[in-house]
Every structure is written in C-alpha cells, then in structure tokens.
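The values are calculated or read from the model by the stated rules, or taken from the named source; none is laboratory data. Only a predicted model underlies this, so the values are computations on that prediction, with no experimental measurement involved. When we count neighbours, we look across all protein chains shown, and the Cβ atoms used for this are built from the backbone with ideal geometry, even at glycine. Side chains included, ligands, DNA and RNA excluded: accessible areas come from the protein's heavy atoms. Shrake-Rupley method; radii C 1.70, N 1.55, O 1.52, S 1.80 Å.
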Amino acid sequence: MHLDFLAIITAFGLIFLAELPDKTMFASLAMGTRMRPLYVWFGTSSAFIVHVAIAVGAGSLIGLLPDWIVKLVSASLFALGAFLLLRGTGGDDDDEAEVKTVTGFWPVYSTAFMAVFISEWGDLTQITTANLAASNGTWSTAIGSAAALMSVSALALLAGKFIAKRVPLKTVQRIGGICMLGLAVWTAVEIFTG
C-alpha cells in the first residue's frame, strides 16, 4: 500500500469543494436540526465510506486500461464535473424538506445512512472519486475522498446555518468548477505530452 500525500490532498480538496454545494450537505443540516447530530454524522459517514469504496473499486478497474484511454476518460469526467459545477443548479434551498423527529442511535443512524446512500448514487463526488482512483492511486484517493465527505457532513452539522447565510454557494461551485476545468485541460495535455 503506497500513500501519496499530494494525491490525498488533491482528492480531499476536489471532493470537499464539490460536496459543499451538494444536496447532501443540506440534508445533513436538516437532519441535524431534528436529530442528534453525532448520530447523524455516524450514519452519513458510513454511507460515504461505502460510496467511496464502490467508486475506488470502479476507478481501479478503469486503471487497468491503457494509459491514454484512462487520461482521456479522466479528462472527460473532469470536464463533465466542471460543466455541472459551472452551469449552476440553483434551488438547493428548496431541498430542505421537513424531517420527522427521530430519536435513538439506530433509528437516526439508519435514517441518515439511507438518505445519503440513496442520494449519492452517480453523484459528482462519486464520479470524481472513481476518476481520481484511476489516475492517482486507490488508497490515497479513498482516504482523501472519505475525509472530505465526512468533513463536509460534520461542517454541515456544526456550522451549516452559518455557511448557508454568509458564504454564497455559487462562489464555492465556481471555485470547484474552475479547479475541475483546470484538471481536465491538464489531463488532456498529458495525453499528448506523456
């Protein structure tokens, strides 16, 4: 097992920025207002770890392909991620649906786990994690991605209201989109120079 510190930081940064404006952050915030936040965090974190494992596994399979194909797929996925972030989704505030009050560890844990597990399938962060695993290493990507997802969930539970009122999510989306676009261009250039 080889860990690359730069790959961990890259995965953490990209996934963190991509997840901040995501509906899952608002779901964590909403659940945290009606349920015990620590229990919610355990549930969301468990779901994120399962999704990271699935994404890293898919990325490892992609890594078996010839290098130029992997780079082409990576550049395309980064470009797709940039497009999704830069086009702006709007309306995320409408996703704070009413959540019933749930008490006890297992009911809160399972509610939070299922909410995230179902909503994250095919999500931008899952696609980005698979993409990074294909080119930056499985374990480094898994550690960086899982840490980023768990951090965003904790941030939403601890300071979600503050962030939603003071930091425009469009700004976070734009920064993440520009980073993804830069990685798409960088990866495409590597096809011809590597």
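Residues in the stretch 24-64 that are closer than 30 Å to Trp186 by Cα, in a loop (DSSP other than H, G, I, E, B) and touching a residue at least 40 places away in the same chain (Cβ under 8 Å): Gly63 alone.
The residues in the stretch 180-194 that are polar (S, T, N, Q) and touching a helix residue (DSSP H, G or I) at 6+ places or on another chain (Cβ under 6 Å) can be counted, and the count is 1.
Residues checked against (1) over 19 Å from Ala115 (Cβ atoms); (2) surrounded by fewer than 20 Cβ atoms within 10 Å (Cβ to Cβ); (3) not basic (Lys, Arg):
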| position | (1), (2), (3) |
| --- | --- |
| Gly13 | yes, yes, yes |
| Ala18 | no, no, yes |
| Leu29 | no, no, yes |
| Gly32 | no, no, yes |
| Leu38 | no, yes, yes |
| Phe48 | no, no, yes |
| Ala58 | yes, yes, yes |
| Phe78 | yes, no, yes |
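Within the stretch 70-106, take every residue that is over 19 Å from the mean Cα position of the chain (by Cα) and among the hydroxyl-bearing types (Ser, Thr, Tyr) and give me the one that is modelled with the lowest pLDDT. Per the criteria, the residue is Thr101. Within the stretch 174-193, residues that are open to solvent by 60 Å² or more (accessible area, probe 1.4 Å) sit with their Cβ atoms under 9 Å from residues that are at pLDDT below 80 and not in a helix (DSSP H, G or I), at 6+ positions apart or across chains, in these pairs: Arg174/Gly88. Scanning the stretch 126-140 for residues that are surrounded by fewer than 24 Cβ atoms within 10 Å (Cβ to Cβ) and either of a type in the set (Asp, Glu) or within 17 Å of Leu20 (Cα to Cα) (or both) yields Gln126, Ile127. Scanning the stretch 100-125 for residues that are of a type in the set (S, T, N, Q) and either under 15 Å from Val73 (Cβ atoms) or surrounded by 21 or more Cβ atoms within 10 Å (Cβ to Cβ) (or both) gives a single hit, Thr125.
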